Amino acid sequence: MNVIYTDVLVIGGGLAGLRIGIGAKRRGHDVIILSLVPPKRSHSAAAQGGMQASLGNVVKAMGDNEDVHFEDTVRGSDWGADQRVVRMFVDTAPKAVRELAAWGVPWSRVRKGDREVIINGQKTTITERDEAHGLVMQRDFGGTKKWRACYVSDGTGHAMLYAMSDQAIAQAITVHERMEALALIHDGSRCYGAVVRNLVTGELVAYVAKATAIASGGAGRLYRATTNAVICEGIGTALALETGVAAVANMEAIQFHPTAIFPACILVTEGCRGDGGLLRDAEGKRFMPDYEPEKKELASRDVVSRRMEEHIRSGKGVKSRFGEHLWLDITLLGAKHIDSNLREVKEICHYFLGINPITDWIPVRPAQHYTMGGIRTDYSGASPTLKGLYAAGEAACWDLHGFNRLGGNSVAETVVGGMIVGEYIADFCASAESNLTISTGLIREFLEHEQAKLDALAGNRGGEEANLLRVRMQEIMMSRVGIFRTGEELGAAVEELQSLLRRSRNIGLRSTANGANPELVSAYRVQKMLRLALCVAYGALTRTESRGAHFRHDYPRRNDAEWLHRTLATWKSPDDTLPALAREPIEVMQKELPPGWRGYGAKDYLDHPDTARRVAEVEAIRSRLAGAGRTKVQEALMPYSVLLPERFRSPNERIDEPFSPPAPAEPRMATP
Amino acid sequence: MTEPAATAPRAPAPEKPQHKVRINVLRYNPQERGSVPRMQAYELEEAEGMTLFIALNEIREKQDASLHFDFVCRAGICGSCAMVINGRPGLACRTLTQSLGPEITLAPLPVFELIADLSVNTGKWMRAMSERLQAWVHMKEQEIDISRLEQRMEPELAQKIYELDRCIECGCCVAACGTARMRQDFVGAVGLNKIARFRLDPRDARTDADFYELVGDDSGVFGCMSLLACHDVCPKSLPLATQIAFVRRKMAGAGWN
């Protein structure tokens, strides 16, 4: 029996997993990170345009702070987010940018003086302050009141991932590449690690750990048209689901990104619109101001994607042999700007479309982009039902994004989640709480069970073809569980997905290699993916309202009275074909920002019975504490700071909120 | 709210008649008993806009479930899918079959450990190179106060560092390198570019003497024979030859050599 022991087992080598590893190792715990691919190939690298953090350096970011970032995020979530988690996040995001700055991320920097920008289609000159010169730059993104996205040209995720991975190498953190977890080892109340398959040799190994953290990213590949990398299949999330004990939450909340190039579905950044790019239809007309006069192209992603599809349905799409699309026009930004700030976009257009975005419009259409739901955890990243199991990043639902995530908040969440959850895991491992007593019999049982499942697949000739099941699943998710949903379509989707799940129990292989066998990998993954797909479709069928990215034609209104809840899904028995769903209420009376209109999108919604009372309470507290300073007011509305690890509790310094005694007069200036 | 179109949208390309493309793959799976290196040919219908990512997946889905290759982002940004395409290292995901003619030959990158068929272990090689060159920012202070304003940097310098930071560790430069084929310990253009990148970075505490200690021999900058293939094949168009020449000149100037 091949068993490896460690303190912390991290499943996933992207930004969240690496940062958990760095945090735990720094506190003296042994860490092993498992990764399907070399960590620098992780999907974190695909984040292009920026990371939200309220540094407030550029002139268009003046007045930005944690409060504004908090409100933008909660409105973006359509009041689905856990507001305490949002508070923890917005406090830590500036620290994450500054930590990464020290670790070598070449953040784009502010130059003092005049510069020309495009705002609402018009050339405008803005003047950056002298005192901001050389600090980290911000650009505009959708759904935000201030320019807040810190960026590195349009390779932000790449630069962050490389700096993070380099620091992990510097700290000699062990990474086992091309290793895939197949099952969590647990006894129904405590998680002990995972059964892991070596993707090169096919060998199974048991990893036993005090704490197991899943940071395996999203599940975009449940859909046919997705911007996600091919490894984003939600397998880590499915591992938690398959324990029957840990829950996944809000899986029906799936984000579609407005600007995937058509038809290849490769993302071009929201920074294109943030920097002034426009959406146009078949007639060349800019159409977003007609739908969204307030935020236009820069409403939240769920809203823009819906408006685009609505516009195509009204006959204004551009027809092509692959189907219909719209145009993204960044020609007005000019060659100089595109060559320095949107160069990955230019490269993508060149290689995949054969066009030059300096002179040509880019064909785009919304595609699946982000999984707001994930493994349900508390604010510390811990599963409330399976001790020793943690999750962070896109795989987790602690619940920062509610039903719609703002652009630039996910790459920020990977690092912030890694920082916070890493500290909590280190606390856990340092306490007697984490002591393990595990029977080798239990380890053997799990290893043998997984081996038997693989043998059954490999031994079955002439059964179902895994790939056909996968493609059909992706088509169903696309056509029936997409941007616009109805009870009828969702019902049909749930039926057919269940039938696919039953058929997947009889998958057979054509290729016999035991080691690195891509067909075998596809076979066991599609079984897991179908379960997740059913959590998405069944959750969407049950949720008879529209909220954020979840839109029902038959229930077009947000319904706080009945649906201010998270959907929790558990998979009780391997023989089941549906998850067990439960509702977890989101308490209005504890909210700092009671539900209301988002500032864009639909204006009609049904209020929760407590909302009026809470609004009155909040107003009373605000007027009582008028002039007391924003921190005091916040503390009275919704205390949260004790939830943050002590290391991250201090306030964030800004040009307009200097620390006293002030920072050294002139920090070291680097000369080129 | 109406405004005229700024420019006329480009018309979609006219439909071309479908035709066959033949893909020859160098196959070998060291994990499989009895496997021997061999060429295997696959034929498929070429579609408009077909990349090698699409073609290879179609082959695996419809013709040969055992074929090995690596793709992750399929958007030219992660560096997973480098292979030798008609004799030249490149990223398969963003290579259009139409740009290659009706006969395409694919082989795994040389130098790196072969996993199977077109899949090689670049991750292991890159980690070893990073450890050997200590390719990370060596911070001046152990603990920094992350609640205070970040250290300032000139915008041009940040941009210059990013230029070199754009490397995706795909391995094309190593596969194209004459020295790397002869010396297993050569750090390659990817490694020398990292030295140039960290040398440029004021946040890194190391001095020129420290960097020279790392690359001042034949496994480093003096191993380069200036064949410039690294420069030619880099999918990110990094100025590799320029950086290597620069590091070498600096070292000669510092009295090494």
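What follows draws every value from the coordinates through simple rules; no lab data is involved. Nothing here was measured: the structure is a model prediction, and the numbers come from that model. Note that each Cβ is placed from the backbone with ideal geometry, even for glycine, and that neighbours are counted across all protein chains shown.
At each listed q (0.15, 0.19, 0.22, 0.23 Å⁻¹), what is the log10 of I(q)/I(0) that the Debye formula gives for segment A:353-410 modelled as equal alpha-carbon point scatterers?
Taking Cα atoms of segment A:353-410 as identical point scatterers yields -0.57, -0.72, -0.85, -0.89.
Can you list, bin by bin at 10 Å, the percent of alpha carbon pairs in segment B:204-257, starting at 0?
Once binned at 10 Å, the Cα pair distances of segment B:204-257 give 23, 49, 26, 2.
With a 10 Å Cβ neighbour count serving as the proxy for reagent exposure, in which order, fewest first, do A:Glu646, A:Glu309 appear?
On the way: A:Glu646 9, A:Glu309 21.
Lowest count first: A:Glu646, A:Glu309.
Where does the Debye-calculated log10 I(q)/I(0) of chain B sit at q = 0.11 Å⁻¹, using only Cα point scatterers of equal weight, no solvent?
Debye curve over Cα of chain B, log10 I(q)/I(0) at q = 0.11 Å⁻¹: -0.73.
Going through segment A:124-213, which trypsin sites (Lys or Arg not before Pro) have at most 11 other Cβ atoms within 10 Å and a DSSP loop state? Don't jump to the answer; show the numbers that get you there.
Numbers: sites: A:Arg129, A:Arg139, A:Lys145, A:Lys146, A:Arg148, A:Arg178, A:Arg190, A:Arg197, A:Lys210; in loops: A:Arg129, A:Lys145, A:Lys146, A:Arg148, A:Arg178.
Passing both the DSSP loop test and the Cβ count: no residue.
For segment A:93-212, what is the largest minus smallest coordinate of the Cα atoms on each principal axis, given in angstrom and ordered from greatest to least?
61, 32, 29
Given Cα pairs under 8 Å that are at least 6 residues apart, what percent is the relative contact order of chain B?
Once divided by the residue count of chain B, the mean separation gives 16 percent.
Grab the Cα-Cα distance for A:Arg129 and A:Leu468, subtract it from 0.36 nm times how many residues apart they are, and report the gain in nm with one decimal.
Values: separation 339, 0.36 × 339 = 122.04 nm, distance 5.82 nm.
That works out to 116.2 nm of additional length.
Each residue of segment B:124-138 in turn: what ³J(HN,Hα) in whole Hz from Karplus with 6.51, -1.76, 1.60 and θ = phi - 60°, glycine and Pro shown as x?
Couplings: 5, 4, 5, 5, 4, 4, 4, 5, 4, 9, 6, 7, 8, 5, 8 Hz.
How large is the convex hull of the C-alpha atoms of segment B:139-247 per residue, in Å³? Provide the component values of the computation, followed by the final result.
On the way: hull volume 12.7 nm³, N = 109.
Cα-based convex hull of segment B:139-247, divided per residue, equals 116 Å³.
Would you mind listing how long the protein assembly as shown runs along its three principal axes, going by Cα atoms, in whole Å with the largest first?
On the principal axes, the protein assembly as shown reaches 78, 68, 67 Å in Cα extent.
If you average the sequence gap of Cα pairs under 8 Å that are 6 or more apart and divide by the length of chain A, what percent do you get for the contact order? Could you put the intermediate results ahead of the total?
Numbers: 1515 pairs, mean separation 125.9, N = 672.
Once normalised by length, the contact order is 19 percent.
Provide A:Met164, B:Met225, A:Met62 in ascending order of the number of other Cβ atoms located within 10 Å of each residue's Cβ, fewest first. Don't jump to the answer; show the numbers that get you there.
Values: A:Met164 31, B:Met225 11, A:Met62 15.
Final ranking by Cβ density, sparse to dense: B:Met225, A:Met62, A:Met164.
Excluding residues fewer than 8 places away in the same chain, name every one of the aspartates and glutamates whose C-alpha is closer than 12 Å to that of A:Lys123.
Leaving aside aspartates and glutamates fewer than 8 places away in the same chain, those within reach of A:Lys123 are A:Asp275.
Where does helix B:188-200 land angle-wise versus the long Cα axis of chain B, in degrees 0 to 90, nearest 10?
The two axes meet at around 40 degrees.
Computed FRET efficiency, Cβ-Cβ of B:Leu228 and A:Arg503, R0 45 Å: what is it to the nearest 0.05? Each step should come with its number before you reach the end.
Working: r = 55 Å, r/R0 = 1.22.
FRET efficiency, B:Leu228 to A:Arg503: 0.25.
Just want the ordering: A:Phe551, A:Phe141, A:Phe322, from fewest to most Cβ atoms lying within 10 Å of their own Cβ. Kindly include the intermediate steps, with their values, before the conclusion.
Numbers: A:Phe551 24, A:Phe141 29, A:Phe322 14.
Arranged by neighbour count, lowest to highest, A:Phe551, A:Phe141, A:Phe322 become A:Phe322, A:Phe551, A:Phe141.
Counting Lys +1, Arg +1, Asp -1, Glu -1, what net charge surrounds A:Val196 among other residues with beta carbon under 13 Å of its beta carbon? If you can, show how the numbers build up before the last one.
Working: positive: A:Arg178, A:Arg197; negative: A:Glu177, A:Glu180, A:Glu203, A:Glu450.
In short, -2.
Counting alpha carbon pairs within less than 8 Å and at least 6 residues apart, what relative contact order, in whole percent, applies to segment A:389-510?
Across segment A:389-510, relative contact order equals 27 percent.
Within segment B:82-141, list the GluC sites (Glu not before Pro) lying in a DSSP loop whose Cβ has at most 11 other Cβ atoms in a 10 Å radius. Could the numbers behind the result be given before it?
Values: sites: B:Glu103, B:Glu113, B:Glu131, B:Glu141; in loops: B:Glu113, B:Glu141.
The qualifying sites are B:Glu141.
To the nearest Å, what is the center-to-center distance of segment B:85-115 and segment A:24-87, using C-alpha atoms only?
Here the answer is 37 Å between Cα centres.
Please give the contour-minus-distance gain from A:Ala172 to A:Thr201: 0.36 nm per residue of separation, less the Cα-Cα distance, rounded to one decimal in nm. The partial results should precede the final answer.
Working: separation 29, 0.36 × 29 = 10.44 nm, distance 2.48 nm.
Once the chain is fully extended between A:Ala172 and A:Thr201, it gains 8.0 nm.
If I model segment A:368-439 as equal point scatterers sitting on the Cα atoms and use the Debye formula, what is log10 I(q)/I(0) at q = 0.17 Å⁻¹?
At q = 0.17 Å⁻¹ the computed log10 ratios are -0.63.
Using Cα centres only, tell me the gap between segment A:528-566 and segment B:127-142 in whole Å.
47 Å
Just to verify a number: FRET efficiency for A:Ser439 and A:Ala582, C-beta to C-beta distance, R0 = 25 Å, to 0.05? Spell out each step's value before the answer.
On the way: r = 31 Å, r/R0 = 1.24.
The pair A:Ser439/A:Ala582 has a calculated efficiency of 0.20.
Could you pull the Cα extents of segment A:145-296 along its three principal axes, largest to smallest, in whole Å?
59, 38, 32
So, in nm, how far is label A:Ser320 from label B:Glu113 when the simple model puts each one 7 Å beyond its Cα toward the Cβ?
For the pair A:Ser320/B:Glu113, the computed spacing is 4.2 nm.
Where does segment A:539-634 land on the Kirkwood hydrodynamic radius, alpha-carbon pairs, in angstrom?
Values: mean 1/r = 0.0632 Å⁻¹.
Hydrodynamic radius (Kirkwood, Cα only) of segment A:539-634 equals 15.8 Å.
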